[in-house]
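Visitor: Dumping the structure here so I can ask a few things about it.
Just so it is clear, none of the values below were taken in a lab; they were calculated from the coordinates. Keep in mind the model is a prediction, meaning the values are calculated, not measured. With ideal geometry, Cβ positions are generated from the backbone for all residues, glycine too; neighbour counts draw on all protein chains shown.
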Amino acid sequence: MDHPGFFERAGPFKLVEVARACGAELAPHTDPETLVYDVRPLSEAGPDEMSFLDNRKYLPQLQTTRSCACLIHPELKDRLPQGTAALLTKQPYHGFAKALALFYPAARCPLIAVPGQQAIDPTAWLEEGVAIEPGAVIGRDVQIGRGTRIAAGAVIGARVTIGRDSYVGALATVSHAIVGDRVTIHSGVRIGQDGFGFALGRAGHLKVPQIGRVIIQDDVEIGANTTIDRGALKDTIIGEGTKIDNLVQIGHNVIIGRHCVIVAQTGISGSTELGDFVVMGGQSGSVGHIKIGAGAHIAGAAHAKDDVPPGARMAGTPAKPLRMWARELALLKRLVERDRNAYPEGPSEET
């Protein structure tokens, strides 16, 4: 059975209504009565769904989109494929935020559990052998497989699905997530909160509703007080067998491959993609919208700002190949020693 989703969608809306809500103008010869049913990414939108383009990095996706309409800067309107109407705005990301608020008005304050009901909602479906400790809250339409234990004080939000033989630690919260079998979620973990999405502007910063999910595949372990944001439109995905240490931050739309190792205090920015068997050392990080290839290693305290090839070994800030980084450190050390030998008592003021 397909998952019903975590957010109730309003609409459909006429294109002219969408344009009005987004502060956009319809391009000439656009049918204002066209019905729009949803907001989706360029690569996934269908002929009755709208999308947006704000980052030129995604221009190749614009050429193949099937969306019925697209929020776009007037300078780029001629790049739209035939059949996709232009919603013209100089701030497409602001328009996107307003479109999401129109279609998903409850996304800012999603329902976790129905107030006043018992700790285990009567609509929840628990297989035989599920253990729920005192103080845990199980929201409506939750599904939990046999052998799973929910520890004291944990909160499982509405429509969350958790597989078999898993564990959710004390005071952890899981919302907007589909969790596989044999997953360990330690105490204090936060899964499924909205991502850090804002359309920045001089008049203030407009919050972008986050309507995606978190998908956690089988045999994943997530350390204490780690946070994993739900996707904005797409899903945040944690691949099978991946091990995540304590105090890790994973942003929205991140895709982590199979059997990765993410060490404590690492920060992975939104829309970053990690291939299988990637290792990220403690206090490492990445900027958003980059790809780290399968088998790559990012050393502790290193920070990747560009795509990383498969199998690469990277170190430093900004991250660079390990050998280059080591040579730079050795050269710097030699320069310091040479300066010390030339001026054993330190350089004079004239120097």
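Visitor: How long are the semi-axes of the ellipsoid equivalent to segment 1-159, from square roots of 5 times the Cα gyration tensor eigenvalues, in whole Å, largest first? Before the final figure, lay out the partial values.
Guide: Details: eigenvalues 344, 48, 35 Å².
Gyration-tensor ellipsoid for segment 1-159: 41, 15, 13 Å.
Visitor: Right, here's the next one. For Lys57, which aspartates and glutamates qualify as cross-link partners when the Cα separation must be under 18 Å and same-chain residues fewer than eight apart are set aside?
Guide: Within reach: Glu44, Glu75, Asp78, Glu273, Asp306, Asp307.
Visitor: Let me ask something else. Rounded to the nearest 500, what is the chain's calculated 222 nm mean residue ellipticity when only DSSP H runs of at least 4 contribute -39500 (n - 2.57) each, over all residues?
Guide: On the way: 4 runs with 47 residues, N = 351.
Mean residue ellipticity, 222 nm, calculated: -4000 deg cm²/dmol.
Visitor: Along Cα→Cβ, 7 Å out, is where each label goes; now give me the distance between the ones at Arg202 and Glu240 in nm to one decimal.
Guide: 5.3
Visitor: Related question: For segment 227-351, just run the numbers: alpha carbon Rg, then divide by 2.2 N^0.38 Å, N being how many residues it has.
Guide: On the way: Rg = 18.6 Å, N = 125, 2.2 N^0.38 = 13.8 Å.
Dividing the Cα radius of gyration by 2.2 N^0.38 Å gives 1.35.
Visitor: While we're looking at this one, here's another question. Give me the distance in nm between label points sitting 7 Å out from Cα along the Cα-to-Cβ direction at Glu33 and Ala152, one decimal.
Guide: 6.4
Visitor: With N set to the residue count of the chain, report its C-alpha Rg divided by 2.2 N^0.38 Å to two decimal places. Don't skip to the answer; put the middle values down first.
Guide: Working: Rg = 24.1 Å, N = 351, 2.2 N^0.38 = 20.4 Å.
Cα-based Rg divided by the globular estimate yields 1.18.
Visitor: If you don't mind, there's one more thing I want to ask. Between Lys305 and Ala106, what's the calculated FRET efficiency when r is the beta-carbon distance and R0 is 25 Å? Round to 0.05.
Guide: On the way: r = 36 Å, r/R0 = 1.46.
Efficiency, rounded to the nearest 0.05: 0.10.
Visitor: Subtract the Cα-Cα distance of Lys14 and Asp339 from 0.36 nm times their separation in residues, and report this length gain in nm to one decimal. Intermediate values should be presented prior to the final figure.
Guide: On the way: separation 325, 0.36 × 325 = 117.00 nm, distance 7.17 nm.
Using 0.36 nm per residue and subtracting the Cα-Cα distance, I get 109.8 nm.
Visitor: Please give the peptides 280-286, 178-184 ranked by average Cβ packing (other Cβ atoms within 10 Å per residue), highest first, as a rough proxy for protection. The partial results should precede the final answer.
Guide: On the way: 280-286: 21.6, 178-184: 19.4.
Highest to lowest by the protection proxy: 280-286, 178-184.
Visitor: For the chain, give me the percentage of DSSP beta bridges that are antiparallel, rounded to the nearest 5 percent. If you can, show how the numbers build up before the last one.
Guide: Numbers: 8 of 71 bridges.
Percent antiparallel among DSSP bridges in the chain is about 10.
Visitor: Right, another one. Between Glu44 and Leu76, take the C-beta separation as r, use R0 = 22 Å, and let me know the FRET efficiency to the nearest 0.05. Provide the component values of the computation, followed by the final result.
Guide: Values: r = 20 Å, r/R0 = 0.90.
For R0 = 22 Å, the calculated efficiency reads 0.65.
Visitor: Continuing with the same structure: Could you tell me the ratio Rg/Rh of segment 13-103? Both radii from Cα atoms, Rh via Kirkwood.
Guide: Values: Rg = 11.1 Å, Rh = 12.4 Å.
Here the Rg-to-Rh quotient is 0.90.
Visitor: Could I have the simple spin-label model distance between His3 and Val261, label points 7 Å from Cα toward Cβ, reported in nm to one decimal?
Guide: 2.9
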